[in-house]
1. Six or more apart or on different chains, Cβ under 8 Å: which pairs go from a residue in segment 157-178 that's without any contact (Cβ under 8 Å) to a residue 24 or more places away in the chain to one that's among the acidic types (Asp, Glu)? Could you list them?
2. Would you check which residues across segment 33-59 are assigned to a loop (DSSP other than H, G, I, E, B) and within 18 Å of ALA146 (Cβ to Cβ) and list them?
3. If you check THR17, THR45, which single one turns out to be at negative phi, at pLDDT below 75 and touching a strand residue (DSSP E or B) at 6+ places or on another chain (Cβ under 9 Å)?
4. Grab the strands (runs of 3 or more DSSP E) fully contained in segment 77-183, keeping just those with 1 or more residues being under 30 Å from TYR63 (Cα atoms) and modelled with pLDDT of 90 or more.
5. Which residues, counting only those in segment 114-127, are closer than 26 Å to GLY53 by Cβ and surrounded by 15 or more Cβ atoms within 10 Å (Cβ to Cβ)?
Amino acid sequence: MTSPRPIRIPRSVPATTPTSESTGAGAVDSARTPATVRHPNRGGTQRAVRLTGVYLGCLAALYLGFLLLDRTVPGGTSSPAGNGLFAFSALAGLLAVGGTLLSLHPAPRRVETSSLATVVVGRWGGRHTYPPLEHLETRTVRRYPAGLLSTVPVVSLELSGGPSPLGTFLLEEGIVPAGPHAR
């Protein structure tokens, strides 16, 4: 039997923001690895989640209203399979799932900026790569002031350029410098 050989697994070194204390033994050489700054999208996520809650609350109220109407009209006590209640419930479930996915999708988790690229990390882990901030083309689609749905101002931005196609994202104001104002 031979002696076991150690297996080397290469691990990528996470890029860090340069600080005044980055001269120690474990410091990352900033000339080799560009600094990546991660901006969490708290305001955009908060607005998307609260808007989803409003949507699901309204959908639940409509569903319960129609369910009560079905049960109180003459013939409403027939079997659910005979009066289409199962189909109506399935449709309400599809609307709930589809509406939730649709309202959460434009709010990415975070934006990562470096001197090489701007990366938008989507809600479900997808990554959209755009040019660095100084070369990024942006257009403000809509501004949302701080209020009931978000405690901070949020903007809907169109980002373009680079390998990723045009994308519209719901971002906390100030994460990405906004371009020309559309509305």
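1. LEU166/GLU158
2. Of all residues in segment 33-59, those assigned to a loop (DSSP other than H, G, I, E, B) come to 33-36, 41.
Passing the criteria: only ASN41.
3. On the way: THR45 fails: at pLDDT below 75.
On inspection, the qualifying residue turns out to be THR17.
4. Values: elements: 110-113, 118-121, 127-130, 137-144, 154-160, 167-172.
Per the criteria, 137-144, 167-172.
5. We begin by selecting, within segment 114-127, every residue closer than 26 Å to GLY53 by Cβ; these are 120-126.
If the condition is that a residue be closer than 26 Å to GLY53 by Cβ and surrounded by 15 or more Cβ atoms within 10 Å (Cβ to Cβ), then VAL120, VAL121, GLY122, ARG123 are the ones that fit.
The values are calculated or read from the model by the stated rules, or taken from the named source; none is laboratory data. The structure presented is a predicted model; accordingly, all values stated were derived computationally and were not measured. So basically every Cβ, Gly included, is an ideal-geometry build from the backbone, and we count neighbours across all protein chains shown.
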